[in-house]
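J.: Take a look at the following structure, please.
The values are calculated or read from the model by the stated rules, or taken from the named source; none is laboratory data. Just so you know, these numbers come straight off a predicted model, no measurement behind them. Heads up, the Cβs are rebuilt from the backbone with ideal geometry, glycines too, and the neighbour counts pull from every protein chain shown. Please note that ligands, DNA and RNA were not included when accessible areas were found on the heavy atoms of the full protein model with its side chains. Shrake-Rupley method; radii C 1.70, N 1.55, O 1.52, S 1.80 Å.
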Amino acid sequence: MARYVIGRLGQIVVILFLIVTILFVLFRLAPGDPISRMVDPSLSPEEAANLIAQLGLDKPIGQQYLQYLKNFVAGNFGYSFHYGLPVWQVIMAKLPNTILLFSTAMVLSALVGISWGKIAAWKKGRGTDILLTVAALVTHTLFLPWLALIFIWVFGYKLGWLPINGMISAEVWLDPTSGLWDKALDVLYHMVLPMITLFIMHFGSYLLVMRSSMLQTLREDYIITARAKGLSERAIRNHHAAPNAWLPVITSVGLSLAFSINGGALTETVFSWPGIGRELVLAVSQNDYPLAQASFLLIAMVVLFANLVVDVLYAYFDPRIRY
Amino acid sequence: MALLEVHNLSIAYRTKRGLLQAVDNVSFSLEQGRSLGLVGESGCGKTTIGMALMGLLPRNGRVTGGGITLAGRDLLALTRQQWRELRWREIAMIFQAAMNALNPVQRVGEQIAEAILTHNPQMPRAQALSQVEGLYQLVGLPLERLRDYPHQYSGGMKQRAVIAMALACNPKVIVADEPTTALDVIVQDQILQETKSLQKEFNIGIIFISHDISIVAEVCHHIGIMYAGQMVETGSVAEVFSQARHPYTRALLGSFPALGGARRRLSPIAGEPPRLIGQLPGCRFCARCPVSGHSCKLEPPQWRQFSDSHFVLCDHCE
């Protein structure tokens, strides 16, 4: 197992190098000039040229690339053009917010999707199954920003139940009498809408994968063995069918993580959630190259490591897999 | 009264093309400690009978007539809960191990202990596991393999584990459905010998389902030959083997190679069994039968008795 993980980490390093290179090329191809944003038009041409030289942007592209690689290996991502702060600092300020929102929503949708998929397969063709399957199909195909806007309009604007943007309310956090609990509740309160949006977008695919996997498992001979042994239907479903059925679902969780990240960026943007996804969208639109590059890289790393974790988990759940 | 009585049993499946009469008017009985082999080609209804004995017919299958009694108890009248309690405790099944009869993500020992614990909910887990150890010794499996997963077993070991599982709750009857079909002949023979001695030791009644008449002859006291959902000949092994009467039984024996005796050409049975949907007047084997007369197609054949135990469903078998 340890050997396998080390081998996979080696692969990850290679893939990261490729991603870093692709990012470098992409950003050089992108339209828009970073200097025009950074440099005050009132500066003289010499001063502007000085600044460009300081940033190293006057050097040949090959040299820029080597410098870029060197900085990357050293963990130096440069300064954000927009904030004027080290990129690392900007990212570290935003990352926990994204992890909070995203992992909660993903764990929730995986758990709910898998258990509803299990039930749908068990009640195949009956009302519960039809209801769940149709719900999964419909929500899975919804356009996320539209859904988010509908939520904002209904729950935030019309009903006024929930905050429509941000992560905290100033009046709670500035009030010296409010304790940790009040602050946590306030964050939770702000989390409801974006989390439900993400949940609705994602539980459907887990439900559908689990349902079809479960249906296949229920046709296996060991299910007949279990029934012949006199086990209750509940024990058959939970101890024999489900542990086999969720193996393919684990894989699909890992794969879908990469795709759900753009949904995450959209959700953060619509709800003004101060996370890394929203920061990425802003950075791209402001030609903030260093920040955008680092955010892309971070997302790539998260996806790569998540897939590694999924593979290790797979070996844990399926005794037939040994590395 | 016999331990297990199957009386005029008929089973049908609802299919898209109509009602499929998989088992038609089959009767047999099994005494304690005896074994009966059900032999026939694929689709003759032998597995369907096995599943009906376990109360495990698929959803579209239904007993349409006749009865099954086990130790005087009418199995067809059982509720689902009663079935659950009876299964494995009274009547267990040996599955074909190659067919994934074991759950791939559960340890083999646990799967056997699960059967014991289901029927003895009060029993401590450790006691169930020590019983499983006893079963492993019984079927000749090394104890250190208790905590292995099914994929770590060879085909023969899996088959032994499945047999151990069937013995777990001391059932009165065991239904063995093609238990050695996927094994090579040497392992097959070992398993058959062990099954035989275990049966004697525990005085279990066995229904042995197989397409291989030679295996059944080795293990069983009685044989029932099935064709197209019907029992066509039944008798002791000696009777059916050496005095086969039904043309199908004879054809079946002629299509298997014999180890001893004169060398002869194997004779395949030409044609296919009839489709079992709709009315089937007359004898079902008629179209493939070498001795059929005109009347066979019109009238259903009658049972003829040749000894106390030897019965044949044919009008032309003298």
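J.: So if I take the centroid of the Cα atoms in segment A:1-33 and the same for segment A:228-249, what is the distance between those two points in Å?
T.: 40 Å
J.: Amide H neighbours of residue B:224 under 5 Å, at least 5 residues apart or on other chains, H built in the peptide plane: list them.
T.: Residues meeting the amide H criterion: B:37, B:38, B:39.
J.: Here is a follow-up. Over chain B, what is the relative contact order in percent, taking alpha-carbon pairs closer than 8 angstrom and at least six residues apart?
T.: Once normalised by length, the contact order is 21 percent.
J.: Pull up the cross-link candidates among the lysines for residue A:59, meaning alpha carbon to alpha carbon under 18 Å and not fewer than 8 places away within one chain.
T.: A:70
J.: Let me ask something additional. Could you name the aspartates and glutamates whose alpha carbon sits less than 14 Å from that of residue A:118, not counting residues in the same chain fewer than 8 places away?
T.: A:129, A:233
J.: I need the phi-derived Karplus couplings for segment B:71-86: 6.51 cos²θ - 1.76 cosθ + 1.60, θ = phi - 60°, integer Hz, Gly and Pro marked x.
T.: With the stated coefficients, segment B:71-86 comes to 6, x, 9, 6, 5, 6, 8, 6, 7, 4, 5, 5, 4, 4, 6, 6 Hz.
J.: To the nearest 20 debye, what is the magnitude of the charge dipole of segment B:103-169 about its Cα centre, counting +1 on the Cβ of each Lys and Arg and -1 on the Cβ of each Asp and Glu?
T.: 80 debye
J.: Can you show me the helix-derived [θ] at 222 nm for chain A, built from DSSP H runs with n ≥ 4 at -39,500 (n - 2.57) apiece and divided by the number of residues, rounded to the nearest 500.
T.: -25000 deg cm²/dmol, from helical runs alone.
J.: To continue, here is another question. Within a 10 angstrom radius of each residue's Cβ in B:103-110, how many Cβ atoms of other chains show up on average? Whole number is fine.
T.: The mean count of partner-chain Cβ atoms within 10 Å per residue comes to 5.
J.: Counting only protein heavy atoms and rolling a 1.4 Å probe, how much accessible area do B and A lose on contact, total for both sides, in Å² to 100?
T.: In total, this chain pair buries about 2000 Å².
J.: Just tell me how shielded A:233-246 is by partners: mean number of partner chain Cβ atoms within 10 Å of each residue's Cβ, no decimals.
T.: Per-residue shielding by partner chains comes out at 2.
J.: For chain B, what number of Lys pairs, 8 or more residues apart or on separate chains, have alpha-carbon atoms under 25 Å from each other?
T.: Number of lysine pairs found: 11.
J.: Also: Please find the FRET efficiency linking residue B:238 to residue A:108, where r is the Cβ-Cβ separation and R0 is fixed at 56 Å, and quote it to the nearest 0.05.
T.: With R0 = 56 Å, the Cβ-Cβ based efficiency is 0.25.
J.: Can I ask one more? To the nearest 500 deg cm²/dmol, what mean residue ellipticity at 222 nm is calculated for chain B from DSSP H runs of n ≥ 4 alone, each contributing -39,500 (n - 2.57), summed and divided by the residues?
T.: It comes out at -9000 deg cm²/dmol, rounded to the nearest 500.
J.: Separate question: Express the carbon and sulfur contribution to the solvent-accessible surface of the protein assembly as shown as a percent, rounded to the nearest whole number, probe 1.4 angstrom.
T.: 61 percent
J.: Label chain B by shape, choosing from rounded, prolate and oblate, from the square roots a ≥ b ≥ c of the eigenvalues of the Cα gyration tensor; if a/c is under 1.5 it is rounded, and otherwise prolate applies when a/b is larger than b/c, oblate when it is not.
T.: Prolate shape, in that a/c is at least 1.5 and a/b is the bigger ratio.
J.: Roughly what would the spin-label model give for residue A:83 and residue A:51, points 7 Å off Cα along C-beta, in nm?
T.: Simple spin-label model gives 2.0 nm for this pair.
J.: On to the next question. List the longest stretch of chain B that has no exposed loop site; here a site is one of the trypsin sites (Lys or Arg not before Pro) assigned by DSSP to anything other than H, G, I, E or B, with at most 16 other Cβ within 10 Å.
T.: B:148-262
J.: Given a 10 angstrom Cα cut-off, can you work out which residue in A:171, A:220, A:268 is the most mobile in a GNM of chain A?
T.: A:171
J.: Now for a different question. Counting only complete DSSP H runs, which helices of chain B cover 15 Å or more along their long axis at the Cα atoms and score a mean Kyte-Doolittle of -1.0 or above?
T.: Answer set is B:108-119, B:125-139, B:155-167, B:185-202.
J.: Which order do peptides B:234-240, A:273-279 fall in by mean Cβ count within 10 Å, highest first?
T.: Answer by packing, highest mean first, reads A:273-279, B:234-240.
J.: How large is the accessible surface per residue of chain A, computed with a 1.4 Å probe and reported in Å² as a whole number?
T.: It amounts to 53 Å² per residue over chain A.
J.: On to the next question. Long-range amide H contacts for residue B:315: which residues qualify at under 5 Å (H placed 1.01 Å from N, peptide plane, sequence gap of 5 or more or a different chain)?
T.: Result for residue B:315 returns B:302.
J.: Give the relative contact order (percent, whole number) for segment A:159-277; include only Cα pairs under 8 Å separated by 6+ residues.
T.: 32 percent
J.: Tally Lys and Arg at +1 and Asp and Glu at -1 over the other residues with C-beta under 11 Å from the C-beta of residue B:90: what net charge comes out?
T.: Here the count lands on +3.
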